[in-house]
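The values are calculated or read from the model by the stated rules, or taken from the named source; none is laboratory data. Bear in mind the structure is a predicted one, so any value in this text is a computation, not a measurement. Heads up, the Cβs are rebuilt from the backbone with ideal geometry, glycines too, and the neighbour counts pull from every protein chain shown. SASA here: full protein model, heavy atoms, side chains in, ligands and nucleic acids out. Shrake-Rupley method; radii C 1.70, N 1.55, O 1.52, S 1.80 Å.
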Amino acid sequence: MENKNLKFEDKIKELEKIINELETGNIDLEDSIEKYTKAMQLVKECDEQLKNIEEKITKVVLENGETQDFQLEN
Amino acid sequence: MNANKYLTVTALTKYLKFKFDSDPNLKTVYLKGEISNFKAHPTGHFYFSLKDESSKINAIMFSSQNKKLPFVPTEGMKVLVRGRITIYETTGNYQIYVEEMLEDGLGNLHIAFEQLKEKLSKEGLFDDIYKKQIPKIPSKIGVITASSGAAVRDIITTIKRRFPICEIFLFPCLVQGENAAPDIVKKIEQANTFDLDVLIVGRGGGSIEDLWPFNEEIVARAIFNSKIPIISAVGHEIDYTIADFVADLRAPTPTGAAEMAVPNIVDLTHNLNQMKIRLNEAIYKQINYKKLYLDSIKSSFVLKSPMIMYENKQQKLDNLIEKLNQIMNYKIEKYRITLDNIKNNHILVNPTNLYKTQKQELTNIISKIELLNPLGILKRGYTLTYQNEKIVKSIEEIKEKEALKIKFHDGMIYCSIERKEGLDGKQKS
């Protein structure tokens, strides 16, 4: 149940939503466990994304739409 | 020497002035040059010269005209003026009376800027309702600026410092000169074919002419039409361009734009940890709440003493059975009484009574019938008299010569008639 199609921001939004529900709502036990499991999965994914500081290489988009690696001039 | 050949200076000057004033080309002259020897007279009139590399002309602008100027002319300022050329007779100098003055380049640009700003504002291009939300945590950012220089460096290094996990796509473009605006438009359109979360469009600081492409209408419209939210970052904090007004968000500088475009990864990590804590607390509370609820149910009276539930039902069942029995007994008793009543009925108890009564009745009927029997009457002394086998009831019917038959209860006699006599004793015939 990975949320690969979700963007980081959407994951954070989803997390906020679930936390609010869990904090304020009176939810079925099964539901809350399911939500909690989902939220923890989201936390894990976000955490991994944040820790994965493998630096993204800036791309330059050429006139024809192709991309190349870009290096700043010194 | 004929003195008449000689003109006075005044006459010549008047003649020249007439020539100048009657020349239509000199009535309205458009002139460009640089201001020098500028003097604002206490009366409000401006006195100055306009010059270029090799020539110079005196100029005067009266206060009635110059008070409408949106700027104060300064020494060395390049201006565009409209006016008429005439001769000032006192000095014999020709000069231009300036009716209108614009700053050359800069001045025109200011006017163009104000006009475009007003036009686009009226069209609603700056309205808040069209401002797109800038995503808080983008994963792909497009940067439209020159591929070299301070702006691209500031943007890229700031993004990488704050949010290194973000992908950057640079769309290099011209940022000054005539071809810049169409190039910026092209890059905005190209960027819109990419899946990007936000676009930064801008350049570093420069003169107003340098920044001018970002004041072009086509750039403004391209920004407005972009599906991807745009942060404008043109020049320095003090520089406002049309692009800034139409962009979804205006950044004071390219560095500022990068800061607005991405969150700080440190803050984000902190927030995520906070969320993890909140999540655990929330689920603990949820589970604890359920547990308490379950405990309260478990300790409820009924569950603690299930017999109570059973006892109530048992009692109800007993009540019902008792009621049922009562009803059945009552019905049985009722039918029993009815049956007894039937059994106790007179006829059924003494059926001979019915017979006796009927026999008595029969006897009565028989004696009544006997009473009516004519033969019975004969027993009491009456007789029946026949003549020719017919009963005769009167002497009138009797024929004297024929025999009579008299019937008694125990037999008959045959006799003949002696004579007939009425009750009055008279003989009948």
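Suppose we keep just the DSSP beta bridges with both residues in the protein assembly as shown; what percent of those would be antiparallel, to 5?
Taking every DSSP beta bridge with both residues in the protein assembly as shown, the antiparallel ones total about 65 percent.
Calculate how many DSSP beta bridges within chain B are antiparallel, expressed in % of all such bridges and rounded to the nearest 5.
65
Which of these, B:146, B:251, B:11, has the largest mean-square fluctuation under a Gaussian network model of chain B (Cα springs below 10 Å)?
Taking springs between Cα atoms under 10 Å, the residue moving most is B:11.
Return one whole number: the accessible area per residue of the protein assembly as shown in Å², for a 1.4 Å probe.
I get 65 Å² per residue for this part.
Identify all lysines with a Cα-Cα distance to residue B:401 below 19 Å; exclude those on the same chain that are fewer than 8 residues away in sequence.
Excluding near neighbours in sequence, the set is B:390, B:393, B:420, B:426, B:428.
Restrict the search to the range B:192-243; then list the GluC sites (Glu not before Pro) that DSSP places in a loop and that have at most 13 other Cβ atoms within 10 Å of their Cβ.
Counting only loop positions with at most 13 other Cβ atoms within 10 Å, the GluC sites (Glu not before Pro) in the range B:192-243 are B:237.
Roughly to the nearest percent, how much of the accessible area of the protein assembly as shown is carbon and sulfur, given a 1.4 Å probe?
Here it works out to 55 percent.
For the range A:3-69, what is the number of Lys pairs with C-alpha distance below 19 angstrom, counting only pairs 8 or more positions apart or on separate chains?
Lysine pairs satisfying the spacing and distance rule in the range A:3-69 number 24.
Tell me what chain B gives for mean residue ellipticity at 222 nm when only DSSP H runs of n ≥ 4 count, each as -39,500 (n - 2.57), the sum divided by the residue total, rounded to 500 deg cm²/dmol.
After summing the helix terms and dividing by residue count, I get -14500 deg cm²/dmol.
Just counting partner chain Cβ atoms within 10 Å, what average do the residues of peptide B:158-164 show around their Cβ?
For peptide B:158-164, the averaged partner shielding equals 2.
Can you list the lysines whose alpha carbon sits under 29 Å from that of residue B:343, skipping same-chain ones fewer than 8 residues off?
By straight Cα distance, residue B:343 reaches B:331, B:334, B:356, B:359.
Using a Förster radius of 56 Å, what is the FRET efficiency between residue B:21 and residue B:227 based on their Cβ-Cβ separation? Nearest 0.05, please.
It comes to 0.35.
Can you list which of the trypsin sites (Lys or Arg not before Pro) found in the range B:191-274 are DSSP loop residues with at most 14 other C-beta atoms within 10 Å?
Answer by residue number: B:227.
The range B:1-110: which GluC sites (Glu not before Pro) are DSSP loop and have at most 11 other beta-carbon atoms within 10 angstrom?
Qualifying residues, ordered by number: B:53, B:75.
Please check chain B for the longest run free of chymotrypsin sites (Phe, Trp or Tyr not before Pro) that are loop-located per DSSP (anything but H, G, I, E, B) and have at most 16 other Cβ atoms within 10 Å.
Segment B:195-381 is the longest.
What nm value, rounded to one decimal, do you get for the distance between residue B:290 and residue B:316 when each label is placed 7 Å out toward the C-beta?
The modelled label-to-label distance comes out at 3.2 nm.
Each label point is 7 Å from the Cα along the Cα-to-Cβ direction; what then is the distance between the points at residue B:41 and residue B:12, in nm?
Computed distance between label sites residue B:41 and residue B:12 equals 2.6 nm.
Any lysines with Cα under 21 Å of the residue B:14 Cα? List them, leaving off those in the same chain fewer than 8 positions away.
Here the lysines satisfying the reach criterion relative to residue B:14 are B:5, B:27.
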